[in-house]
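Below is one structure, written out as structure tokens; the observations come after it.
The values are calculated or read from the model by the stated rules, or taken from the named source; none is laboratory data. As the structure is a computational prediction, the values presented were derived from the model and not from experiment. Heads up, the Cβs are rebuilt from the backbone with ideal geometry, glycines too, and the neighbour counts pull from every protein chain shown. The area values use the complete protein model at the heavy-atom level, side chains included, leaving out ligands, DNA and RNA. Shrake-Rupley method; radii C 1.70, N 1.55, O 1.52, S 1.80 Å.
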Amino acid sequence: MNYCSTRDKNIAVSAASAIVQGISAEGGLFVPTKLPSITLEEIEAMSRLDYVGRACRVLGGFLTDFTDAEIRACVEGAYGQRFDTPAIAPLSRLNDDTYLLELWHGPTCAFKDMALQLLPRLMTTSAKKIGEQREIVILVATSGDTGKAALEGFRDVPGTKMAVFYPENGVSPMQKLQMRTQEGENVWVCGINGNFDDAQNGVKAIFTDHELANRLTAQGVMLSSANSINWGRLVPQIVYYVSAYCDLLATEEIALGDKIDIVVPTGNFGNILAAYYAKQMGLPIGRLVCASNRNDVLTQFLTTGVYDRNRPFFATQSPSMDILISSNLERLLWHLSDGDCELVKGLMAQLAQTGRYQVPEELMAKIRELFWAGSCDDDQTGKTIHRVFESYSYLLDTHTAVAVDVAEQYRAVSGGAKRVIASTANPYKFSRSVLQAVNAAAAEAAADEFATVDATNRVTGEPVPAPLAGLREKEVRFSNICEKQEMLSAFAGGLGIRL
Ligand SMILES: *Cc1c(COP(=O)(O)O)cnc(C)c1O
């Protein structure tokens with residue numbers, strides 16, 4: 001199977017090459033030119049497999065240049081002891097028709113682990129496959145969770161180095177501590193004075209600097225990406241939607257062929273795009289429900305057809321969704337326009353120049369048929385956490401709470417189908433907001449982050465994940481901060497690269 005760039009059909013590469021490159025040289029994103037399919041019979045057969053078995057089957061359809069043994073080795077390495085449950089991505093039943101797909105049982109307690117425990121393995125296997133000799137330097141912009149998950153995934157992986165930029169004032173205290181205490185000899189972490197979009201733009205500018213790429217090649221170095229612009233980040237995410245359906249089938253909550261809705265708390269549009277791919281492959285999914293926080297640029301786009309990032313940026317209680325440029329939308333536009341690279345290129349040029357684009361109505365009609373969108377502000381997020389804890393003794397994190405609220409908005413207009421909500425983080429990554437919602441007095445009495453963690457544990461009885469509890473004793477290794485214009489020189493200095 002081939003992958004081409006969303007902005008140039010003539011660029012056709014293998015999966016291995018798409019994963020090693022991360023982003024296409026002219027700025028486009030790699031997309032599969034044809035999707036593999038799964039039949040109902042195969043879904044039924046997969047419902048008898050464990051997570052590793054399901055992942056091998058789904059990945060095999062996309063990574064056609066990998067052998068089965070290579071895929072299995074990558075998958076078994078990724079989804080093992082570092083997850084705190086053998087189910088890897090367990091489904092938790094909230095009520096008769098709502099299920100939470102818990103994607104945060106990995107080493108950094110956020111759903112990014114689902115992809116980033118696997119990506120380094122796919123990337124080093126791919127590099128070997130295509131004869132890439134250069135050292136791979138991974139550069140990441142993060143709204144909080146990707147950075148830590150990528151650091152854990154790539155730390156001390158031979159032949160790789162990695163640098164992470166995060167918005168200094170745009171991540172939770174726990175997220176910041178997770179990154180600043182990161183271990184590993186090949187990693188470097190830096191805050192920027194700017195928001196996530198600034199960090200992402202800075203990283204994209206470094207990736208598309210051809211002269212820089214040439215100078216790096218001369219030093220035996222190449223750059224790649226662990227953000228969801230990399231195909232190797234998206235493909236592992238398709239697996240858990242298939243797996244959730246298999247679990248519902250195995251426990252007889254649904255019958256084979258029943259349609260379920262999928263609700264996803266969305267930022268960069270990667271996670272929900274993976275659900276779209278699962279649907280296009282044949283997984284019986286009804287609607288894809290896109291949930292945003294107060295930065296509701298996607299809600300506006302999906303309802304009006306106008307994408308407009310010229311709007312205030314809000315720092316919310318769900319910081320991993322504080323994004324105004326949702327990169328993966330580019331892939332959706334490509335697929336639904338039947339691979340119209342000129343259209344996509346034009347829209348992305350408008351976005352870069354004016355911060356805005358409008359999609360032709362014909363294309364919007366297709367998008368609306370597949371997606372529904374809603375948003376939820378901080379106040380409503382807190383109320384949702386409170387209500388769900390009171391009703392079901394289930395503690396939501398702030399991102400998942402946004403999705404639960406939007407799922408209810410959608411139920412009010414649609415009725416019917418059972419729904420799976422992507423639960424994207426463990427609540428202890430955002431303890432203060434979560435405790436505030438459950439018991440405001442306890443939150444106010446807690447003096448610092450770990451006092452908040454302890455109080456949350458006392459009030460809710462929810463266990464503190466070991467990787468977060470362990471941060472208390474860890475030494476801070478990185479306290480760098482740079483201006484958004486200085487990212488290139490900062491990262492070169494941090495990783496010992498000559499410019
Ligand atoms: C990254 C993240 C999101 C957003 O996912 P996208 O793939 O960027 O849409 C939602 N919730 C949490 C906790 C995250 O870390």
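In the range 112-127, the residue that is surrounded by the fewest Cβ atoms within 10 Å (Cβ to Cβ) out of those that are more than 16 Å from the ligand (Cβ to nearest atom) and within 20 Å of the chain's Cα centre (by Cα) is R121. Out of the residues in the range 302-330 that are open to solvent by 30 Å² or more (accessible area, probe 1.4 Å) and closer than 19 Å to V264 by Cα, state the one that is nearest to the ligand (Cβ to nearest atom). Filtering first and then ranking leaves Q317. Residues of the range 4-38 that are farther than 20 Å from L116 by Cβ, outside any loop (DSSP other than H, G, I, E, B) and open to solvent by less than 10 Å² (accessible area, probe 1.4 Å): C4, S5, V31, P32. The residue pairs whose first member lies in the range 265-279 and is on the phi > 0 side of the Ramachandran plot, whose second member is near the ligand (Cβ under 6 Å from one of its atoms), and whose beta carbons are closer than 9 Å, counting only pairs six or more residues apart or on different chains, are F269/S228. Quick test for you: out of V264, V289, pick the one residue that is within 11 Å of the ligand (Cβ to nearest atom), under 20 Å from E102 (Cβ atoms) and assigned by TED's automatic domain parsing to the domain that holds Y357. After ruling out the rest, the residue left standing is V264. When each of I71, I88 is tested for being touching a Leu at 6+ places or on another chain (Cβ under 6 Å), open to solvent by less than 40 Å² (accessible area, probe 1.4 Å) and at pLDDT 95 or above, the lone residue that passes is I71.
Evaluated against (1) without any contact (Cβ under 8 Å) to a residue 40 or more places away in the chain; (2) assigned to a helix (DSSP H, G or I); (3) under 25 Å from N10 (Cβ atoms), D338 falls short on exactly one condition, (2).
Reported count of residues in the range 161-205, each being hydroxyl-bearing (S, T, Y) and open to solvent by 10 Å² or more (accessible area, probe 1.4 Å), is 1.
Can you tell me which residue is most open to solvent (accessible area, probe 1.4 Å) among those in the range 455-484 that are over 28 Å from A199 (Cα atoms) and not in a helix (DSSP H, G or I)? Per the criteria, the residue is P463.
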